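Read the structure below first, then the notes.
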Amino acid sequence: MTTHTFETKHIQSGYDNKTILNDVNLSIPSNQISIIIGANGCGKSTLLKTMARLIKPTGGDVLLDGKSIHKMAPKQLAKVLGLLPQSPIVPEGITVADLVGRGRFPHQSVMKGWTKKDYEAVAEALEMMNITEFADRHIDELSGGQRQRVWIAMALAQQTDILFLDEPTTFLDITYQVEILDLLTDLNRKYGTTIVMVLHDINLSARYADYIFAVQKGQLVAEGKPSDIITSTLVKDIFGLDCAVINDPISATPLVVPKGRYHVKS
Amino acid sequence: MKNIPEKGNKQRLLPKHLAKVVALLLILLIVSIGMSLAFGSRTISLEGLIDGLFHPSVESHEASVVRQRIARTIFGLICGAALGVSGALMQSVTRNPIADPSILGVNTGASLFVVCGIAFLSIHSPSEYIWLAIVGAMLTAVFVFGIGSMGASGATPLKLVLAGAATTAILSSLVTAILIPRTNVMDQFRFWQVGSVGSANWDSVHIFIPFFMAGIVIAILVAPALNALALGDEVATGLGVRTGVIRMLAAFAGVLLCGAATALAGPIGFIGLLATHLIRLVVGPDVRFLIPLAAVSGAIILLISDVCGRFLGSPGELEVGILTAFIGAPILILITMKAKMRTI
């Protein structure tokens, strides 16, 4: 298991001329699952994209093992740091094996072509995501949950120590949401992969995260273990939601129960 | 992994019908080369064909006709291959399935420069056209790329296509404005503009080769990165691709290939589109296979169109550019109806 330090130092970031993140300092715990939570438009996706070098920060820096990720060779960086964005593009007519195989790009060179290691990595990724049987199928024929497993397999084939995922469960039924999060947990337990993701669902976040970063209006407002930081006050602060926080009977993690204006027992 | 034999994995990563497709293409290639050498205003017997190709000592009339057709055939091969690869590159760069070399304004840019050359610099020979056309194509591509790259998100496929369309509109109106009052320029330009390999000779081949080689080498080198780029700019960045550099290189190679072909043979449309589509339908979207196979099928399409033109235009010839448009357009409509076209 390889450990890395991954930090942001005073990053300021956004789109075009609009600054969204302001002076964010954080350190990602190595070999754990970190989840970034926050309301819509709070900058959580911007934070993830800035850390995954999709957006170059206008101020501050993102450091991997003490080195700025923007000063590293892109291919070298891609061997350590993987990324699954929210809406990747599926080329028309592509097969599962072809798509997963493209995750090997940073490990290949024009001279070498495909090596035994590449084939093994692809086979292993397919197996881990339970999609070996679909290898020859076209992506268009698969269900949403299966497709997402294919994309994660592509990121797995990249064999990075750190993996960023931007809302990997969006648009999926609850069954598939749990399935995807279980598979990511497998990955973390089996290889010690550091996983950082943005999730919408606060309860699934509280259950699956080792560590939570709460973002509000472009600032980091709380961080820590779910059981330490998820309180009704924090939820009220970042989501503006009145709620009760109880103990999840299944996982013993915090469970947020929204109040709303109706259906409250008197 | 261990329980899956490695050979099985290897096959899985190659397109299903690859071997069959390659064999079929090679056969078609040889047949079309044979046809291009044998057919024309005078049809050559098999014996004459073999004499002309393999027995340099034989001095029959048939053999010398064959030898005269060699340069034209080789030029057709290179030209078709260049256009095929150029189409594959343009489609990858813009991520647009109907992108053709004309999409980035390349053809129109080349035309404008050639028109200016004819009208203002009194240029008449192909070896002079090529430089004008390539410079025109390059400048236009740079201009389109520049406009398309403005803004924070860089050169997105959509912005490139829009910039290309706008530039094409402006440049073609300039071409018209220069041509209308000058009938003599119009005549000369019209001949070039139709697109023909009929006047090709060894000089055209020699001028073409360096551009062709440079374009093909770049195309092969960027192919794996283009595969990553096909998954979207964000995924590609995550895989360690310098998206801007790769787009620029691929577009440069595409412009080089198409610009050189356009300069020497005039704008020949549809080949890049057709070759790439046909190959993608059979072997799938892997750019590493798409590029060489599009080259071969582009060459085949051009040669066959050229041969057809010799029959249909008899006793003269019908220019290949007219033929490719006639064959290409209906097939394109078929493809569009059959395949689910992805919007950009």
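Listing for the model above:
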read-out	value
Any helices (runs of 4 or more DSSP H) falling wholly within the range A:44-138 and containing at least 1 residues that are over 19 Å from the mean Cα position of the chain (by Cα)	A:74-78, A:96-101, A:116-128
Out of A:PRO85, A:PRO91, A:PRO74, A:PRO106, sole residue that is touching a residue at least 60 places away in the same chain (Cβ under 8 Å) and within 10 Å of another protein chain (Cβ to nearest Cβ)	A:PRO85
Any hit, the range B:242-260, residues being within 28 Å of B:LEU26 (Cβ to Cβ), away from every other protein chain (no Cβ under 14 Å), among the β-branched types (Val, Ile, Thr) and in a helix (DSSP H, G or I)	no
Evaluation of B:LEU239 against (1) within 30 Å of A:MET111 (Cβ to Cβ); (2) surrounded by fewer than 22 Cβ atoms within 10 Å (Cβ to Cβ) (one fails), failing number	(2)
Residue within the range A:161-177 that is within 13 Å of chain B (Cβ to nearest Cβ), surrounded by fewer than 23 Cβ atoms within 10 Å (Cβ to Cβ) and either closer than 21 Å to B:LEU290 by Cα or hydroxyl-bearing (Ser, Thr, Tyr) (or both) present	no
Single residue of the range B:172-199 satisfying the filter (touching a Gly at 6+ places or on another chain (Cβ under 7 Å) and on the phi < 0 side of the Ramachandran plot) that is modelled with the highest pLDDT	B:VAL197
Test: residue in the range A:142-158 that is without any contact (Cβ under 8 Å) to a residue 12 or more places away in the chain, buried (at least 17 other Cβ atoms within 10 Å of the Cβ) and under 21 Å from A:ARG189 (Cβ atoms)	no
Unique residue being within 21 Å of the chain's Cα centre (by Cα), free of Cβ contacts under 8 Å to residues at least 60 places away in the same chain and surrounded by 19 or more Cβ atoms within 10 Å (Cβ to Cβ) when the list is B:PHE113, B:PHE75	B:PHE113
Cβ-Cβ under 7 Å pairs, at least 6 apart or on other chains, the range B:177-191 side closer than 12 Å to B:VAL114 by Cβ, far side assigned to a helix (DSSP H, G or I) and small (Gly, Ala, Ser)	B:ILE178/B:ALA119; B:VAL185/B:ALA119
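Rundown of residues vs (1) in a helix (DSSP H, G or I); (2) closer than 25 Å to B:GLU319 by Cα, yes/no style:
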{"site": "B:LEU49", "(1), (2)": "yes, yes"}
{"site": "B:GLU59", "(1), (2)": "no, no"}
{"site": "B:GLU62", "(1), (2)": "yes, yes"}
{"site": "B:GLN68", "(1), (2)": "yes, yes"}
{"site": "B:THR73", "(1), (2)": "yes, yes"}
{"site": "B:ALA99", "(1), (2)": "no, yes"}
{"site": "B:SER122", "(1), (2)": "no, yes"}
{"site": "B:ILE130", "(1), (2)": "yes, yes"}
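The values are calculated or read from the model by the stated rules, or taken from the named source; none is laboratory data. This is a predicted model, so every value here is computed, not measured. For neighbour counting, all protein chains shown are included, and Cβ atoms are generated from backbone atoms with ideal geometry for every residue, glycine included.
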